[in-house]
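Only one structure is covered here, and it is reproduced in the block below.
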Amino acid sequence: MRGGSEDTSSAAAPRLLNRVVTQGAGMSFWDGVWRGRATEFDSGSAASNSIELTKRHQRVSLTKQGAATGNLRINLSWRMRTSDIGGPERGSLLRHPFRMFTPEVVQAHTQSMVNVDLDLGCMYELADGTKGVVQPLGSFFGELNDPPYIKLSGDDRFGSGSGETIFVNLDHRDDFKRLLIFVYIYDQTPAFDRTHAVVTLYPSNGPRIEIGLDERHPQARSCAVVLIENVKGEIVVRREVKFVYGFQAELDRLYGWGLQWGRGYKTKA
């Protein structure tokens, strides 16, 4: 790996292709009615205390929110889509307008229902030029109080309620240049079209930030979700949501990270 960081010769899944899937669509009118979201996403929603980053509203400044200190918690959670577990899809709200007031039944999934293992990762570039990755594959879990000041809490292989979480120590924000938060499917079974995944950022202060991965890309194996950059001392979060057919090496090329990747495996659970 370049830049003086650790060796990640075993930190990538094998297959690599060179096509990028287009970005997903933004929020529809009914999404806003359904979830009660405010129009001004930069100030968050009073009802849910959250900011949703969409294709139309892509950026938020943690510095301007007064949230660029302490530990930034980044969580990945997912569940199986209702249509894939035999449950009926919600009917059209135009045909059944009162359904919008009926709570949706949330059904958890198990490994037997969907063979998918979504992993959360972070490519980092520090201010001194050091580059590397924090991810379950290769057991690169990072450090919170020492470089790279990024720590992965563990590896959730079955999509539990808690999901996977990365902590970023923003007390060392001056040591960061950019962080790319990404999600990939370890077991090589493309299943982004069968799961509903959400990446949520929990700053130390202010509303949480949500990025949904709702687009159906049945052949995609990785997704660049959000880019966190230090722009002249301001910590800026920008939605990406770029699906690719390959793995970490393809995301690396897309964003010009310049790391060296190789075949990697997990130990059995």
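Restricted to the range 202-253, the set of strands (runs of 3 or more DSSP E) holding at least 2 residues that are of a type in the set (A, V, I, L, M), open to solvent by 20 Å² or more (accessible area, probe 1.4 Å) and at pLDDT below 90 is empty. Is it true that F176 is modelled with pLDDT under 85, farther than 19 Å from S222 by Cβ and among the hydrophobic types (A, V, I, L, M, F, W, C)? Against the criterion (modelled with pLDDT under 85, farther than 19 Å from S222 by Cβ and among the hydrophobic types (A, V, I, L, M, F, W, C)), F176 does not qualify.
A Cβ distance below 6 Å, combined with a sequence gap of six or more or placement on separate chains, defines the contacts here; from the range 136-150, residues that are free of Cβ contacts under 8 Å to residues at least 40 places away in the same chain reach no residue that is aliphatic (A, V, I, L, M) and in a loop (DSSP other than H, G, I, E, B). Could you tell me which residue of the range 60-84 is least open to solvent (accessible area, probe 1.4 Å), considering only residues that are under 16 Å from the mean Cα position of the chain (by Cα) and at pLDDT below 90? Looking at the filtered set, the residue picked out is W78.
The values are calculated or read from the model by the stated rules, or taken from the named source; none is laboratory data. Because the structure is predicted, anything quoted here is derived from the model rather than measured. All Cβ positions, glycine included, derive from the backbone under ideal geometry; neighbour counts span all protein chains shown. Protein only, heavy atoms only, side chains kept; ligands, DNA and RNA dropped before computing areas. Shrake-Rupley method; radii C 1.70, N 1.55, O 1.52, S 1.80 Å.
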